[in-house]
1. Considering only Leu210, Leu61, Leu25, give the residue with the highest GNM mean-square fluctuation for the chain, with springs between Cα atoms whenever their separation is below 10 Å.
2. Expressed as an acute angle from 0 to 90° and rounded to the nearest 10, what is the orientation of the C-alpha long axis of helix 214-229 relative to the principal long axis of the chain?
3. Which angle between 0 and 90 degrees, to the nearest 10, do you get for helix 2-34 versus the longest principal axis of the chain when only C-alpha atoms count?
4. List the pairs from Lys201/Lys249; Lys114/Lys249; Lys114/Lys193; Lys47/Lys139; Lys193/Lys249; Lys47/Lys249 whose alpha-carbon separation is above 19 Å, in the order I gave them.
5. If the chain between Val80 and Tyr259 were fully stretched, how many nm would it gain, using 0.36 nm times the residue separation less the Cα-Cα distance?
6. What residue among Arg100, Arg233, Arg83 has the largest mean-square fluctuation in a Gaussian network model of the chain, using Cα springs under 10 Å?
7. So how long is each side of the chain along the principal axes, counting just the alpha-carbon atoms, biggest first, in Å?
8. Two decimals, Cα atoms only, Kirkwood Rh: what is Rg/Rh over the range 165-289?
Amino acid sequence: HTKSAGRNGYHFFESSMNINVHNQLQLIQDLRHALENKEFVLHYQPKYDASNGQVVGMEALLRWQHPARGLLAPGEFIAVAERTGLILPIGDWVLDEACRQMRIWFDTGYTEWKVAVNLSAIQFSNGQLVEHVSATLKKYALPAHCLILEVTESTAMQDVESSMTILTELAVLGIDISIDDFGTGYSSLLYLKRLPACELKIDRGFINNLAKNTDDESIVSAIVALGHSLNLRIVAEGVETEKQQDMLKSLGCDTLQGYLLGRPVAPAQLMLNLDEAPDAPARPVSSNV
Ligand code: C2E
Ligand code: MG
Ligand code: MG
Ligand code: MG
C-alpha cells in the first residue's frame, strides 16, 4: 500500500517535472518570437517630487502581451530572457521604445520629464551598452539628461571596477544613473562614494512595513542621511499608503513612486490618469494634444 503511494508520488513528481521542463521550453520558444511579433510593450509609472507633488518623470516597465497567457510582468520572463541571452535584443528594444516615447512627450512640451529604463546585469556587462545608449539618444535627438538608467545595487557591485568604468562613461554622456533596490545588496560605502550615481532608490521592502516597523524607519532615515551626504537624490519606491507617504516626506525622501500615486500603465492611460489627478500638472504651454 505504502509502496504504491510512493510510486504514485514518484510518478506525480516526474510528470510535474516534465510539465515544468515543457513550460520552460515553451516559454523560451515564445520569447524567441516575441520581439519580431511585436508582443512587448512598455508601461510607465510616474515619479513625483516629494516637496511639491509635481511629476518629475516616468519609469519604463516592460510587459509582454503573450498571445495565450495575457499580459505578463517581468517576473514571469526576465530570468529566462537573461539565461538565454535574449535580454540583449529585448533590452535594446526597451531603450529604443522608451526614447521614442520620451521624444513624443518632449514634443508635447514635457521637456522637464526624465524617463528611467531598467538594465539587467547582462546588458550592463555587455561591451556595447554605452555606444548603444548614445546612438539611441541621437536617433531621437534627445538630450542625455532626459534619460535615467536604473541598475540594481547588486548589479553595480558585482564587478565594481568595470561598473565604475561603464557608469562613468554613461555619466560623462550626461545620463543620470540610479541605484535601484538599494539596501538589498552589499554596498561598500567606499565604492558607493565613488560611483557616479545621481539617485538611490530605497527598496520597496523597507517601505512596506514603514508604518509598523521602527527598524525600517531607522533604515530609511539612515539611507536618506547617507545618500544626501553623497549628494544623491533619494527615491522611495512602492509607496502604497498615505501614512507611508507622510513618513517618507518627513524622513526627507526627494522623490516618491508607488501605487498610491500612480500604477504603471500604457502611455495613453498614463496621460488620462495625470489629467484626472486632483492636483493635475498644468499642461505645458506648447501642448498640442
Ligand atoms: P523595479 O525596477 O524595482 O521596479 C519596481 C517594481 O515594483 C515594478 O514591478 C512595479 O510595477 C512595482 N511597483 C511599483 N509601485 C508599487 C507599489 O506601490 N506596490 C507594489 N507592490 N509594487 C509596486 P514590475 O513592473 O513587475 O517589474 C519588476 C522588476 O522587473 C523591476 O523592478 C525591474 O528590476 C525589472 N524590469 C522591469 N522592466 C524591465 C526592463 O525593461 N528591463 C529589465 N532588464 N528589467 C526590467
Ligand atoms: Mg527600477
Ligand atoms: Mg526597484
Ligand atoms: Mg525591484
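Where a number appears in this text, it was derived from the coordinates with a stated rule and is not lab data. Just so it is clear, the structure is predicted and the values come from calculations on it, not from any experiment. We place every Cβ from the backbone using ideal geometry, glycine too, and count neighbours over all the protein chains shown.
1. Most flexible of the set in this elastic network: Leu25.
2. 50
3. Result, in degrees: 40.
4. Working: Lys201/Lys249 14 Å; Lys114/Lys249 21 Å; Lys114/Lys193 24 Å; Lys47/Lys139 25 Å; Lys193/Lys249 24 Å; Lys47/Lys249 14 Å.
Among Lys201/Lys249; Lys114/Lys249; Lys114/Lys193; Lys47/Lys139; Lys193/Lys249; Lys47/Lys249, the Cα-Cα distance tops 19 Å for Lys114/Lys249; Lys114/Lys193; Lys47/Lys139; Lys193/Lys249.
5. Taking Val80 through Tyr259 to full extension adds about 61.8 nm, to one decimal.
6. Checking each option, the largest mean-square fluctuation is seen for Arg83.
7. For the chain, the Cα spread along each principal axis is 74, 47, 44 Å.
8. Value, to two decimals: 1.03.
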